[in-house]
Structure formats: C-alpha cells, structure tokens
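The values are calculated or read from the model by the stated rules, or taken from the named source; none is laboratory data. Keep in mind the model is a prediction, meaning the values are calculated, not measured. With ideal geometry, Cβ positions are generated from the backbone for all residues, glycine too; neighbour counts draw on all protein chains shown.
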Amino acid sequence: MSNERLRVAMAAARVDVDALVAATGVDPKTGQRWIAGRTPYPRHRRAIADLLGEDEGYLWPQTAEPVTHEARFRRLWQAALSEGDAVLQIQRSLGGAISGQLVNIEQAATIEIDPDGSAVIEQAYLCANASYTPLMTLTRDMWFEHPQHEVFLRARCNRSVPMQVQIVRDFPNYKQFLCNFVRPVQPLEIFHFSYCYRTKKMFLADHFWDQRALTLTKTLTVSIVHSKGRPLTSAAITEELQAGPMQDQDPDLTIIQPDEKTCNIRWKKDFPGINGIYRISWSFDD
C-alpha cells in the first residue's frame, strides 16, 4: 500500500522524488519504495519531514513513539539548550523513575582484540546524576569467555576524588562490581568515568559482542578493532528488545579494513532502548 500522506505532502510542497533523493542521499529506487509504502530509516524520516515541512509522526504514524520514559527523554534532550539544561529538565520530568539514578549522555565501548583472542575492553561514560539525592555507588559487570585466565580490572573517574572498585559477585566467567565514589556525586552533576579490563583468549571461536544500555542513554557507540590476519567476511547487528529479536542491517554499522590483518567495526546508536541488548557479530574467511 502506498503512502498517500507522503504523496500529498510532496505534491503540496512541490517536491518530486529527485528532490527527496537529493535531501536524503539515497538512490532513486529507494525513494520510489518510500512512496510505495516502505518506511525509511529514522534519519531519513527526519530529513524528509524537514524538507516537506510536515511532522514525522503524521507522515509515518506507525512510527510514532508512545509516551514512555525513553520518548520523554528524547524529546526533553532535543529541546534543551545545553547539557546542563537537559539534565535539569530530565530530573524535573522523570525524577525517581530513572533507573540507577543516572542518565548517560555518552556511552562508548572500545574492544581491542589480538590475534590469539586476548582482549582489552573499556567502557567509558559521560554521565549525569538526574535524581534528587547524592549518588554513592554504581553497579557494573563484565563478562569473559574463558574463565581459566586471570582478569585485570581498573576504573577511573575525572573527579578530583578517586573512585574505588569492589568485587561483589565473582563467577567463573562473570564479575559484578561496585564503583564507589569517595565523594558523592551531587544532583545535576555531570562527570566522566570508565572501567577497563584485560583477559586472555576471550574471542577464540565466537566473534560477537553484546552491548546493553543500562539506563536512559543519549548516544551509544561500540568500536571493535580485531587483529586476525584474515579478511573480514561479514558483520551484522542483532537488536533484542522487549518485542523480541530483530536482525537489522543498520546503516550506521561501518567497517574499515586498513590492511589484510586488521578490521575496524564501528556502530553508533542514538537513544538506544533501555536494557536492550545489541549484539555485534562478525566473521572471517576460514
């Protein structure tokens, strides 16, 4: 079924498919598919709505967001004048509904894998305390495939008073730990912190990484550098949310292979679903 609302809006704005294609950077066949009824990716929907002077939810009502914490978070952030203003508005609107008392302005995972499967993994955060109470601790966890090898962990924070790490659960291939703030993080305070761990023989046979957004997050980025010595054959994203798993050929998944021995995989997600699991999987020539 064709998208009649899109057709009418294009006619009213005197925009043809060539202008649609020029505004979004896609090929003409993709533009024709949109008019025929296919739903564009979010970034393309925003560009088309701006071009036509229409509301995105009107052109594609099936994509309209419900009034959830995630939707309110996105709208408040997009309307804010600054990071500090965004955190203040989010605190006033969501208050105690925020999981873990934090919002992530930026969350970035960096994974560097050696040819033998050993890896260095860093999770870095730009966070804000959007609750009304001081924040004393953060709970985090780490997973590693082969438990017979020792894991080295360190954590850092950009605040003048350091952060201490305490292991609270220690399983064969999983550890849960607390990041304790010697000086509490005050309401509306914005700060950086990260933790990094190294373990041997982590990526031997299974080449995948599961990334979870634990709380409301503005931007999630995953960067993987794998020195394997063989050409990369494929890479994909699987998104598993409450509605179930979905295979997504995401246009924001980029692959760079500077030489035959190394591949770089990078993926970025704006406003990821809270507690959603995003699996990046990749494979090499045998």
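Could we say that residue 94 is under 22 Å from the mean Cα position of the chain (by Cα), under 23 Å from residue 179 (Cα atoms) and either not assigned by TED's automatic domain parsing to the domain that holds residue 210 or not acidic (Asp, Glu) (or both) here?
No.
In the range 115-144, how many residues are at negative phi, outside any strand (DSSP E or B) and buried (at least 17 other Cβ atoms within 10 Å of the Cβ)?
Qualifying residue count for the region: 4.
For residue 155, which of the numbered conditions (1) without any contact (Cβ under 8 Å) to a residue 24 or more places away in the chain; (2) surrounded by 18 or more Cβ atoms within 10 Å (Cβ to Cβ); (3) not aromatic (Phe, Trp, Tyr) fails to hold?
Every listed condition holds for residue 155 apart from (1).
Which of the residues that make up the range 153-201 are aliphatic (A, V, I, L, M) and at negative phi?
Once the filter is applied, which keeps residues that are aliphatic (A, V, I, L, M) and at negative phi, the range 153-201 yields 153, 155, 161, 163, 165, 167, 168, 178, 182, 185, 190.
Tally the residues that are of a type in the set (A, V, I, L, M), farther than 26 Å from residue 133 by Cα and in a loop (DSSP other than H, G, I, E, B), restricting the search to the range 151-210.
Within the range 151-210, residues that are of a type in the set (A, V, I, L, M), farther than 26 Å from residue 133 by Cα and in a loop (DSSP other than H, G, I, E, B) number 3.
Can you spot a residue in the range 231-240 that is closer than 30 Å to residue 95 by Cβ and surrounded by fewer than 14 Cβ atoms within 10 Å (Cβ to Cβ)? Don't jump to the end; show me each part of the working.
Quick first cut of the range 231-240, residues closer than 30 Å to residue 95 by Cβ only: 239-240.
Within this subset, residues satisfying the condition of being surrounded by fewer than 14 Cβ atoms within 10 Å (Cβ to Cβ) are none.
The answer is no, given that none of the residues of the range 231-240 is closer than 30 Å to residue 95 by Cβ and surrounded by fewer than 14 Cβ atoms within 10 Å (Cβ to Cβ).
Inside the range 140-183, can you point out the residues that are closer than 22 Å to residue 202 by Cβ and of a type in the set (S, T, N, Q)?
Once the filter is applied, which keeps residues that are closer than 22 Å to residue 202 by Cβ and of a type in the set (S, T, N, Q), the range 140-183 yields 148, 173, 176.
With the requirement that a residue be touching a Gly at 6+ places or on another chain (Cβ under 8 Å) and either touching a residue at least 24 places away in the same chain (Cβ under 8 Å) or more than 16 Å from residue 52 (Cβ to Cβ) (or both), what does the range 10-37 give you?
13, 20, 24
Test residue 170 against the criterion of being at pLDDT below 85 and surrounded by fewer than 14 Cβ atoms within 10 Å (Cβ to Cβ), and give yes or no.
Considered against the rule, which asks whether it is at pLDDT below 85 and surrounded by fewer than 14 Cβ atoms within 10 Å (Cβ to Cβ), residue 170 comes out as no.
At pLDDT 85 or above, out of contact with any helix residue (DSSP H, G or I) (no Cβ under 7 Å at 6 or more places or on another chain) and not aliphatic (A, V, I, L, M): which single residue out of 75, 46 fits that description?
On the way: 46 fails: out of contact with any helix residue (DSSP H, G or I) (no Cβ under 7 Å at 6 or more places or on another chain).
Going through 75, 46 in turn, the sole match is 75.
Considering only residues that are more than 13 Å from residue 269 (Cβ to Cβ), modelled with pLDDT under 80 and assigned to a strand (DSSP E or B), which ones fall in the range 230-245?
240, 244, 245 - these are the residues of the range 230-245 that are more than 13 Å from residue 269 (Cβ to Cβ), modelled with pLDDT under 80 and assigned to a strand (DSSP E or B).
Return only the number of the condition from (1) closer than 30 Å to residue 189 by Cα; (2) loosely packed, with under 14 Cβ neighbours inside 10 Å; (3) modelled with pLDDT under 85 that residue 98 does not satisfy.
The failed condition is (2).
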